[in-house]
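The values are calculated or read from the model by the stated rules, or taken from the named source; none is laboratory data. In this text, all values refer to a predicted model and were calculated from it rather than measured experimentally. Cβ coordinates were reconstructed from backbone atoms using ideal geometry, including for glycine residues, and neighbour counts include every protein chain displayed. These accessible areas exclude ligands, DNA and RNA; they are computed on the full protein's heavy atoms, side chains included. Shrake-Rupley method; radii C 1.70, N 1.55, O 1.52, S 1.80 Å.
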Amino acid sequence: MSLSAARPLITVYDEKNTSAGTTVCLPAVFRAPVRPDIVSRIHNDVAKNKRQPYAVNVDVGHQTSAESWGTGRAMARIPRVKGGGTQRSGQGAYGNMCRGGRMFAPTKTWRRWHRKVNTNQKRYAICSAIAATGVPALVMAKGHQIQGIPEVPLVVADKVQSFSKTKEAVVFLRKNKAWADVAKVYATRRMRAGKGKLRNRRHVQKLGPLVIYDQDQGLTKAFRNIPGVDTIQVDNLNLLKLAPGGHVGRFCIWTEAAFKKLDGLYGTWRKASTAKPGWNLPQPKMANTDLSVLLKSEAIRKVMRAPVKKIVHAVPRTNPLKNIRQMLQLNPYAAVSKKNAELVSAKASGKPAPANPMAKRAAKVKSKK
């Protein structure tokens, strides 16, 4: 559950960053469980659905007449170009290891480019992404510069939807202290590493705020020329915009009308969604995630058994045939048998009887006393 749930009323700010005098209730979707694992997986699948098929020409590498020379010439059996009178004749062809040959496993257009994604999972991921936009810690962890804004989530008056000039949009972002995030976009613009810079993708940059609106009365034209700023209509919220890269916590600026529509779009647990038939918000796995409070609560401790404080040490099992002490516990007469066996073996060999180590130890202890 997001931290913003502690503030059920959200202040609406006008274009000059002053309170518009109205407040809106925090939509229930902001209390949905934040599941980065689901968001990451669904984003990974959904992002594949805009890919265009690519493949090499089927004839590449095979547009020459070549045939293997066979065995017996101490030369590789790769097909070789026919003819004579030119450098090319006799050279290897067709193989992926040959100059002018085809690639290994030529790419085909019938690869499985797109992925079907369960609708419920897509909605779950979008709910999680929306809930994460209301947690300042997650927004800042994603790298957004929101130190100056008055509140998260940031809700502004519907007058912003009527902006039609970029100058108005820039003034609005500066007044609402959101320009620092756009300035970061300018600072991170750099040349792409790799072949993409040869394919009309020369530059890369970070993303700035996402402006979510209800009615487009010129707003998209006003914001479209500001680097890093995206706009999206609240009925068409997209996971690729809400959690770019599959990472939750994008900085979102909501218009008041768009903010009020969220309860109808995603439901409130008590009431199902009116826009999505049969859909309601996902239930969190835990209502309270504070484990220390849970473990100390009387309701839980009352039904738990008392802790076992008695320590029972495991007794190691030893082999009495190898361990004399274990043998003496089982058979006290074993000491006499062992001593007799030693005396018999000493008498047979003519050697003096071995000293009793226990007798020597007892003598030492007696002398100390």
>> Nearest 10 degrees is fine. How inclined is helix 357-368 to the longest principal axis of the chain, computing both from alpha carbons?
In response: 90
> At a 1.4 Å probe, what is the % contribution of carbon and sulfur to the accessible area of region 82-183?
Replying inline: 53
> Hey, what angle do you get for helix 166-175 against the long axis of the chain, alpha-carbon based, 0 to 90 degrees rounded to 10?
Replying inline: 50
> Using only Cα atoms, what Kirkwood radius does region 311-369 have, in angstroms?
Replying inline: 14.1
> Which percent, to the nearest 5, of DSSP beta bridges fully inside region 174-286 are antiparallel?
Replying inline: 20
>> No solvent, one uniform scatterer per C-alpha: report log10 I(q)/I(0) for the chain via the Debye equation at q = 0.07, 0.12, 0.15 1/Å, two decimals.
In response: -0.60, -1.01, -1.29
> Can you tell me the Rg and the Dmax, both Å, for the Cα atoms in region 120-166?
Replying inline: 13.9, 39
> Under 20 Å Cα-Cα from Lys142, which aspartates and glutamates qualify once same-chain neighbours fewer than 8 residues away are excluded?
Replying inline: Asp37, Glu151, Asp181, Asp230
> For region 249-307, what Kirkwood radius comes out of the mean inverse Cα-Cα distance, in Å?
Replying inline: 15.1
>> Normalised radius of gyration for region 99-179, please: alpha carbon Rg relative to 2.2 N^0.38 Å, two decimal places.
In response: 1.89
>> Considering only protein heavy atoms and a probe of 1.4 Å, how much of the accessible area of region 302-369 is carbon and sulfur, as a whole percent?
In response: 62
> On a 0 to 90 degree scale, rounded to 10, what angle separates helix 119-132 from the longest Cα axis of the chain?
Replying inline: 90
> Given a 1.4 Å probe, how much area per residue of the chain is accessible, in Å²?
Replying inline: 65
>> Suppose R0 equals 25 Å. What FRET efficiency, 1/(1 + (r/R0)^6) with r the Cβ-Cβ distance, do Arg189 and Asn236 give to the nearest 0.05?
In response: 0.35
> Quick one: of the DSSP bridges fully inside the chain, what percent are antiparallel, nearest 5?
Replying inline: 45
> What translational D, rounded to a whole number of µm²/s, comes out for region 103-262 from Stokes-Einstein when the hydrodynamic radius is the Kirkwood one over Cα pairs, at 20 °C and 1.002 mPa s?
Replying inline: 124
> Direction-averaged shadow area of the convex hull around the Cα atoms of region 1-98, nm²?
Replying inline: 15.5
> For Ser164 and Arg51 in the same chain, what is the full-extension length gain: residue separation times 0.36 nm, less their Cα-Cα distance, in nm?
Replying inline: 37.4 nm
> On average, how much area does the Cα convex hull of region 241-369 cover when viewed from any direction, in nm²?
Replying inline: 24.6
> Ordering Val248, Val344 by how much accessible area each has at a 1.4 Å probe, largest first, what is the list?
Replying inline: Val344, Val248
> Semi-axes of region 141-220's equivalent ellipsoid from the Cα gyration tensor, sqrt of 5 times each eigenvalue, largest first, rounded to whole Å?
Replying inline: 27, 17, 11
